[in-house]
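Working notes for the structure below.
The values are calculated or read from the model by the stated rules, or taken from the named source; none is laboratory data. The model shown is predicted, which means the values in this text are computed figures rather than measured ones. Note: ideal-geometry Cβ built from the backbone for every residue, glycine included; neighbour counts use all protein chains shown. Heads up: the accessible areas ignore ligands, DNA and RNA and are worked out on the full protein's heavy atoms, side chains in. Shrake-Rupley method; radii C 1.70, N 1.55, O 1.52, S 1.80 Å.
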Amino acid sequence: MPYLRSHPPNPSETVESYGKRTFSTLVSFNSNVKELHVLADRYDGIFGYSDEEGKVICLKDCGGCHEQRGCSNRSPVALGRHSNLDDWNSLLSNSKTKARLIELLFGEFENSVHLLQAGFTVYLSGGFRDRMRVVMLNRSGNADTNFEERLSCTHEEADVRVVLHMLDCLERGFDVVLVDANDTDIVVVLLYHYKLFLGNHPNCEKRKVYVRFHSYLVPIHRLCSNLPNDFVHSICLLHTLSGCDTVGFMFSKGKRVVAKAVEKWGLEKPIALLVQEIQKSKLDPAVLEKFSVICKKVVVASYGKDPDHFTSLNELRVHLYPRKRELKYLPPSDAAFECHAKRVYLQLDIFFASKSSKATVSGSPAIWLDVSRRWG
């Protein structure tokens, strides 16, 4: 919930009072707004769940992630409904404390149904100890009897959960959906899945999706209409390959450089076809090999060279070294790129599965090992 960082509590405010005030602010819409979906991250590893070998299931909760974020030495804080929230930034810097805080806030939201206007519905997802749990709040008595079946999922991140909620709103007939987010991942994933939605529901072209991205209002539906189909279908791969929340990036090779290189060398179509193959047989060794080859072509093109001329990144490094003697300006080695490609592939798998309410994809070590074995 990026909302928490941009809306800190008042001095000496407690969890209970902050929760009620936050909920009151969130549901203060005009009569044209009928639903609000509040989503949060939920990582199993945060609460110490582990696999058979005793290892933490969630990779994002491992030590490396905390060290990179500079919060590895912060100890979790015990929180209750009447706890004071003065040290706000420190509370949000520890994953366990933040998860506990969101859990308490969701509890306050559940107890604040009386603040809802008649006919207004709120869905809560991801903020509970059980990440499959979804709660519906309303005062109208119009019970949504199958919302749990539609919206319960195993996705850990709100960035991914939001796709399921967007599609659910569109399929139930809402003409306008507004997503409040400040993450590029969300814009990219919504763009991709909205395009797929229109392909399956051609009569729904007038339904609009906007993303409030910082100070901009991004019209997802308009982008889908104006951008080439091959580009939209390949956008998740290009976005992930050039670096996202969970995948590193190549120095000085941002998204614009990668996109221009793909367009220059005509790689949009091969990438779009590859994406279709991944969705049909995602762990097929032949598909994994093809994925590595095409991604390597994108990297070579990003460094301004013919992707058909250099089949090895090690050769490209040798070729570029006389002019770019600083290592950070050189492309990754073949071995380093293979690790990068695997991480890209796994994140893509998560993005593609975000439309499923019963997705089993996650960043667990077991899946990483499985892909590594099949990769060869």
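Details
- Anisotropy class of the stretch 184-235 from Cα gyration tensor, a/c 1.5 cut: oblate
- Average projected area [Cα convex hull, the stretch 95-167], square nanometres: 5.2 nm²
- Note on surface exposure: Arg212, Arg161, Arg256, Arg5 rank Arg256, Arg5, Arg212, Arg161 by accessible area, highest first, 1.4 Å probe.
- Over 28 Å (Cα to Cα) - which of Lys195/Lys296; Lys96/Lys253; Lys195/Lys342 fall in this group: Lys96/Lys253
- Rotationally averaged projected area of the stretch 164-316 (alpha carbon convex hull; nm²): 10.0 nm²
- When the stretch 222-307 is described by a simple charge dipole with +1 on each Lys and Arg Cβ and -1 on each Asp and Glu Cβ, the residue from Pro285, Phe231, Gly304 located farthest towards its positive end is Gly304.
- Glu326 sits with roughly 100 Å² accessible to a 1.4 Å probe, with DNA, RNA and ligands left out of the calculation.
- For Met136, solvent-accessible area (1.4 Å; no DNA, RNA or ligand), Å²: 40 Å²
- Computing FRET efficiency as 1/(1 + (r/R0)^6) for Asn146 and Arg325, where r is the C-beta to C-beta distance and R0 is 56 Å, gives about 0.35.
- Two-site FRET efficiency, Asn111 against Asp87, from Cβ-Cβ distance with R₀ of 25 Å, rounded to 0.05: 0.50
- Ordering His165, His233 by accessible surface, largest first, gives His233, His165; the 1.4 Å probe counts only protein heavy atoms, with every chain in place.
- Dipole of the stretch 68-213 computed with +1 at Lys/Arg Cβ and -1 at Asp/Glu Cβ about the Cα centre; of Ala158, Val187, Leu92, farthest Cα towards the positive end is Leu92.
- Here the calculated FRET efficiency for Leu227 and Asn10, from their Cβ-Cβ distance with R0 = 35 Å, stands at 0.20, rounded to the nearest 0.05.
- P(r) weight above 21 Å for the stretch 89-223, C-alpha pairs, percent: 51 percent
- Working from label points 7 Å from Cα in the Cα-to-Cβ sense, the Ala118 to Ala78 distance is 4.6 nm.
- Centre-to-centre separation between the Cα atoms of the stretch 254-322 and those of the stretch 1-35: 45 Å.
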